[in-house]
């Protein structure tokens with residue numbers, strides 16, 4: 001589902017909280033064409049010495065954008081986060097994704113300390129993730145601690161009103177998935193929205209567009225253009241090649257080189273190489289029938305969210 005959303009919309013960055021990825025899952029298994037993956041898997045071991053299930057964070061960044069990892073949570077931290085620097089057109093943006101497992105024992109300190117040390121170096125800051133702190137529950141005491149901590153470093157929550165998760169058992173709605181940006185940058189916030197993911201997650205996918213300057217180096221590819229190839233002229237020129245010279249060459253290598261060069265010359269003349277920008281990736285198997293079924297599913301899910309029946 002996330003794969004299809006990333007390819008079906010014009011997103012530059014995709015953040016995932018609680019990826020459930022482990023060392024047994026190679027990057028190629030979660031590759032999205034046109035994006036580079038940065039991931040931080042949960043490394044902690046259980047009492048049997050195996051990786052704990054769940055957790056993990058990841059960020060997909062559009063190929064062509066200059067980005068690097070600048071900080072991440074350590075194995076001893078309960079909170080998990082991954083912070084990247086995105087630099088383009090002389091503008092530095094701090095990107096971060098967070099997974100905050102709900103527990104009274106989990107501390108925000110590692111994340112707050114890292115952000116405190118970094119925020120002054122970046123013009124833009126975008127932090128997103130599953131914080132497991134319900135902003136709709138006024139009795140959640142972690143809510144005040146969290147909001148106060150973020151306010152101390154001039155960050156504020158983008159989405160404060162609409163729930164992002166409905167418990168499939170109790171049907172209880174909660175607001176756990178958040179975006180944070182600098183308070184002074186709310187004027188750069190263009191849009192915010194949510195996409196339900198029935199069948200994939202009981203959390204909504206949240207998205208936002210942020211007005212900033214991106215300079216993406218286009219992905220290019222080279223191909224032979226057969227569109228305007230005149231086969232009659234190609235055949236005529238191929239007949240003028242002194243193919244008999246092939247028999248007067250001494251070694252096999254010389255013969256192969258001669259043959260390759262003659263064919264290459266003909267092709268370069270009549271089927272020239274072209275270089276162009278790669279078009280946006282699309283999902284070839286995502287047919288109109290599948291689109292309609294997905295729309296029907298989403299409509300049914302919205303009815304369930306409203307009526308709880």
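Read-outs throughout are calculated quantities, based only on the coordinates presented, and are distinct from any laboratory measurement. Here the structure is a predicted model, which means the values were calculated and not measured. Backbone-built Cβ (ideal geometry, glycine too); neighbour counts: all protein chains shown.
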When the chain is treated as a Gaussian network with springs between alpha carbons less than 10 Å apart, the largest mean-square fluctuation among 168, 242, 110 is found at 242
One finds the C-alpha centres of region 71-150 and region 224-257 to be spaced, in Å, by 64
Extension length gain for residue 240 and residue 31 (0.36 nm per residue less Cα distance), in nm, is 70.4 nm
Mean shadow area (nm²) of the C-alpha convex hull around the chain is 25.1
With a Förster distance of 22 angstrom and the Cβ-Cβ distance between residue 152 and residue 91, calculated FRET efficiency to the nearest 0.05 equals 0.35
Quick calc, residue 256 & residue 299: beta-carbon distance into FRET formula, R0 51 Å, rounding 0.05, result 0.25
Per the C-alpha gyration tensor (a ≥ b ≥ c, the square roots of its eigenvalues), region 220-277 is rounded if a/c is under 1.5, else prolate if a/b beats b/c, else oblate; here it's oblate
The chain: relative contact order from alpha carbon pairs under 8 Å, six or more residues apart, as a whole percent, is 13
Rounded to 0.05, the calculated FRET efficiency for the beta carbons of residue 171 and residue 145 at R₀ = 30 Å is 0.65
Going from the fewest other Cβ atoms within 10 Å to the most, one would list 4, 29 as 29, 4
Expected sort for 80-93, 178-191 on mean C-beta neighbours within 10 Å, highest first, is 80-93, 178-191
What helix-only [θ] at 222 nm does the chain give? Using -39500 (n - 2.57) per DSSP H run of at least 4, over all residues, to the nearest 500, the answer is -7500 deg cm²/dmol
With Cα springs under 10 Å, the Gaussian network model of the chain assigns the largest mean-square fluctuation among 26, 134, 78 to 26
Expected max-MSF residue from 141, 207, 226 in the GNM of the chain (alpha carbon, under 10 Å) is 226
Going fewest to most other Cβ atoms within 10 Å around each Cβ, 20, 304 line up as 20, 304
Once residue 290 and residue 192 are pulled to full extension, the length gained, defined as 0.36 nm per residue separation minus their Cα-Cα distance, is 32.7 nm
Residue separation between residue 11 and residue 107 times 0.36 nm, minus their alpha-carbon distance, gives in nm 31.4 nm
